[in-house]
Amino acid sequence: MTPDVNSLLRGLQAYQLGQATLAAMERDQVWPTPLNYEIWMHAVANPDGPLALEIQRLLEVDKMISEATSDRLAVEFLPNKRLHDEIREAGDQLNKELDFVTSAIKKAQQSSLDYNSTLNLADQSLSLDVESKTLRDVIKNLSTATETVRTENRSLELMLERSTSEVQRLQFHLEQVRREASTDALTALANRKSFDDAMVHLCEQADETGHPLSFAVIDIDFFKKFNDTWGHQTGDQVIRFVASVIGRIAESPRFAARYGGEEFCIIFPDESAAVVEQVVEAIREEISTRMLKRRSTNEDLGMITVSVGLAQRTAKETIHSLIERADAALYGSKRNGRNRVTNVGTAPLDQ
Ligand code: C2E
């Protein structure tokens with residue numbers, strides 16, 4: 001059982017835990033971002049727990065943990081992130097219920113309107129001259145009853161109208177929250193979670209249709225050095241700039257996301273390898289030819305370049321394998337001098 005980090009942070013060991021966390025982050029060579037701090041704090045607080053063991057395993061395999069991996073660790077292991085996902089799922093469910101309630105209200109409203117017009121017609125016919133006294137009394141009673149029901153129906157309609165607009169307001173609000181939950185705040189691209197969902201969905205679609213699917217990973221070159229030189233604020237602007245080029249060129253039905261830190265990815269459903277290669281080449285080229293300035297001092301920020309790894313999915317290939325092959329292609333681009341696209345096509349990974 002994970003010790004409650006929030007309680008530890010308000011106890012005698014609070015600063016000890018904070019210092020041990022920073023030391024562990026430095027030892028594992030990860031950026032001291034707020035997210036990493038939270039992840040490593042949970043790992044330090046529970047050194048034998050699943051999170052700490054997973055970090056140990058990752059370090060043994062890769063020797064380094066990227067920000068994309070940190071994002072994954074957060075979603076998988078941090079209680080708040082999990083809660084976030086659960087809230088999203090509850091939102092989905094609520095949305096379905098609201099749809100159901102709205103259509104039920106609309107139906108009730110329609111039948112109330114229909115009933116009202118039937119009553120109006122009956123009322124008109126009943127008021128025609130009739131000879132028999134008994135019949136006239138019956139008609140009179142019916143007429144009064146009709147008028148009462150009509151008045152009640154009118155107030156029911158008003159209530160239904162109010163409920164419908166309240167439900168619609170709730171739905172709109174929920175949609176906004178859901179959009180925020182699936183969008184990366186800095187770049188407005190899709191975030192990691194919605195990338196994961198889209199990848200599953202688009203791979204299933206490719207399996208069904210037999211159409212091609214390509215996947216690109218894009219990483220800003222020397223970003224760490226860039227951040228150290230110009231500071232985090234300028235680093236963020238560069239991330240936003242790269243994201244804006246990617247988002248513009250990789251519009252829907254392509255799916256572009258911030259994969260984590262300075263890494264982005266694009267899923268290309270149903271496009272030939274040649275077209276996909278041209279598109280990522282255009283992204284790489286546009287980024288590398290734009291002159292960026294540091295806004296506070298107007299200094300030239302130098303060349304911003306990206307390296308790209310591209311892979312085409314083989315039939316029924318797992319998501320894990322596709323990402324791994326694109327990652328390997330990305331490292332190929334880095335090894336061969338950066339600012340380039342490496343397409344591994346459908347080649348399997350070297351073992
Ligand atoms: P932003 O600063 O919010 O700018 C959004 C968009 O407004 C830019 O999209 C661009 O179309 C326009 N814009 C803003 N400032 C200027 C300007 O001084 N001149 C011109 N011609 N247009 C301007 P864009 O170019 O795709 O950039 C997206 C984001 O990338 C920007 O968001 C900013 O965060 C970053 N960025 C782009 N260029 C630079 C730059 O030279 N220096 C820095 N520090 N950041 C930049």
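With assigned to a helix (DSSP H, G or I), aromatic (Phe, Trp, Tyr) and touching a residue at least 12 places away in the same chain (Cβ under 8 Å) as the only criterion, which of 172, 241, 215 stands out?
None of the others qualify; the one that does is 241.
Within the range 318-350, restricting attention to residues that are of a type in the set (Val, Ile, Thr) and surrounded by 13 or more Cβ atoms within 10 Å (Cβ to Cβ), which residue is farthest from the ligand (Cβ to nearest atom)?
The extreme case among them is 346.
I need the full set of residues from the range 212-231 which are at pLDDT 90 or above, in contact with a helix residue (DSSP H, G or I) (Cβ under 9 Å, 6 or more places away or on another chain) and either of a type in the set (S, T, N, Q) or under 21 Å from residue 325 (Cα atoms) (or both), in order please.
Matches in the range 212-231: 212, 213, 214, 215, 216, 217, 218, 219, 220, 221.
From the list 209, 234, 187, which residue is among the hydroxyl-bearing types (Ser, Thr, Tyr), closer than 25 Å to residue 321 by Cα and either open to solvent by 60 Å² or more (accessible area, probe 1.4 Å) or within 16 Å of the ligand (Cβ to nearest atom) (or both)?
Matching residue, one of 209, 234, 187: 209.
Hey, among the residues in the range 244-260 that are open to solvent by less than 10 Å² (accessible area, probe 1.4 Å) and outside any helix (DSSP H, G or I), which one's farthest from the ligand (Cβ to nearest atom)? If you could, list the steps in order and put the result at the bottom.
Here is the first cut: in the range 244-260, the residues open to solvent by less than 10 Å² (accessible area, probe 1.4 Å) are 245-246, 250, 257, 260.
Then drop every residue that is not outside any helix (DSSP H, G or I), which leaves 250, 257, 260.
Working: 250: 14, 257: 17, 260: 19 Å.
The residue in question is 260.
Right, residue 264: open to solvent by less than 60 Å² (accessible area, probe 1.4 Å), within 16 Å of the ligand (Cβ to nearest atom), assigned to a strand (DSSP E or B) and not small (Gly, Ala, Ser) or not?
Spelling it out, residue 264 is indeed open to solvent by less than 60 Å² (accessible area, probe 1.4 Å), within 16 Å of the ligand (Cβ to nearest atom), assigned to a strand (DSSP E or B) and not small (Gly, Ala, Ser).
Tell me, which helices (runs of 4 or more DSSP H) wholly within the range 1-53 include 1 or more residues that are at pLDDT 90 or above?
Qualifying helices (runs of 4 or more DSSP H): 14-27, 34-45.
Residues of the range 274-317 being away from the ligand (no atom under 16 Å from the Cβ), open to solvent by 80 Å² or more (accessible area, probe 1.4 Å) and assigned to a loop (DSSP other than H, G, I, E, B), which ones?
315, 316
The values are calculated or read from the model by the stated rules, or taken from the named source; none is laboratory data. All values derive from a computational prediction rather than experimental measurement. Cβ atoms come from the backbone with ideal geometry, glycine included; neighbour counts cover every protein chain shown. Areas reflect the complete protein model, heavy atoms only, side chains present, ligands, DNA and RNA absent. Shrake-Rupley method; radii C 1.70, N 1.55, O 1.52, S 1.80 Å.
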